[in-house]
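Encoded as structure tokens, the structure appears first; notes follow it.
Derivation of every value follows stated rules applied to the coordinates shown; laboratory data play no part. On a predicted model such as this, the values are computed, not experimentally measured, just so you know. Every residue, glycine among them, receives a Cβ derived from its backbone with ideal geometry; neighbour counts consider all protein chains shown.
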Amino acid sequence: MTPQRRRFEGLHVAVTGAGTGIGRAIALRLASEGASLSLLARDRTRLEKVALEIAAAGGVPARAFACDQRDAAWVEHAFGECARQGGELYALVANSGIGGGNTPGAQDRFEELVQTNLVGTYRCLRAAQQHLLPGPRTRHLLAIASILARLGVGGYSGYCASKAGLLGLVRSLAVELAPQNVQVNALLPGWVETEMAQSGIAEMARGMNTSTEQARKIALSAVPLRRMGQPEEVAGIVAWLISDDARGVTGASIDANNGALMS
């Protein structure tokens, strides 16, 4: 980890989906700034590897908790353990989610996508809310959404709906929790170099009957900067959003898509 300003020294932050990709990068970045981390995901083995990376880089030892956010009781228990072992929370970065398309019929994944990405994220935000540090200092709840919260893509109704729902959820919670000085925001990455993106490109290639290399070129042709984002870039925006530097930013949907969608 590259040394950063230690803005989160002594503060407890939970990160869901922290075992791979964007979640892993977020965990490493926040650890480099002094955060004490609780890492949550279904695959605890991956979380433990990230915890070892944090320790090897000299970060505060991180805790790993298995948690399936589709299970309400499991979520409540996991966040209770986070608070019991790590203390009250300064912030939650709700990053866990699944991708992929869905088609109507017996194997339609619509409910799975919405239950995981929207309902599951809601459960995590509410569970974290119960264990936030007392005020008056600002606390943070941050949901990782997607550029597809703003765009419609054929065959991705479940994913688009689940991510668009997060924007309404964040705005509502931002108003509800403002009197308690809790800032609630969403971050919307575009294409980011992760396993999920690689799977998406491969799925595009199959649908277009072309190579993954050509599908990648086609995907990036709609991106003005002609590049995929890196997980570490997303992590840097997260670090800003949950820091005092973002004081007053709440109910916001922050785009990070290399110009693919400009508001």
Could you check which residue among Gln198, Gln129, Gln183 shows the biggest mean-square fluctuation in a GNM of the chain with a 10 Å Cα cutoff? Gln198
Pairing the Cα long axis of helix 44-56 with the longest principal axis of the chain, what angle in degrees results, from 0 to 90 and rounded to the nearest 10? 60 degrees
Can you tell me the length gained on complete extension of the stretch Lys49 to Arg7, counting 0.36 nm per residue apart and subtracting the Cα distance? 12.7 nm
Which of His12, His140, His77 moves the most in a Gaussian network model of the chain with Cα springs under 10 Å? His77
If each of Ala66 and Arg227 carries a label point 7 Å out from its Cα toward its Cβ, how far apart are those two points in nm? 4.0 nm
Label-point gap, in nm, between Gln107 and Ile218 - each point 7 angstrom along Cα→Cβ: 2.1 nm
Contact order relative to length for region 137-195, counting C-alpha pairs under 8 Å separated by 6 or more residues, stands in percent at 48 percent
To make sure I understand, if each residue's beta carbon is the centre and we count other beta carbons within 10 Å, what order do Thr250, Thr138 fall in, fewest to most? Thr138, Thr250
Please compute the Kirkwood hydrodynamic radius over the chain, one decimal place, Å, based on all pairs of different Cα atoms. 18.5 Å
Could you work out how far the C-alpha centroid of region 1-55 sits from that of region 188-244, in angstrom? 22 Å
Dipole of the chain, Cα-centred, from +1 at each Lys and Arg C-beta and -1 at each Asp and Glu C-beta, to the nearest 20 debye? 300 debye
Note the angle between two axes, namely the Cα long axis of helix 231-241 and the longest principal axis of the Cα atoms of the chain, as a number of degrees from 0 to 90, rounded to the nearest 10. 50 degrees
Between Ser263 and Asn181, take the C-beta separation as r, use R0 = 25 Å, and let me know the FRET efficiency to the nearest 0.05. 0.40
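Contact order normalised by length for the chain, with contacts defined as Cα pairs under 8 Å and 6 or more residues apart; what percent is it?
Normalised by residue count, the contact order of the chain is 18 percent.
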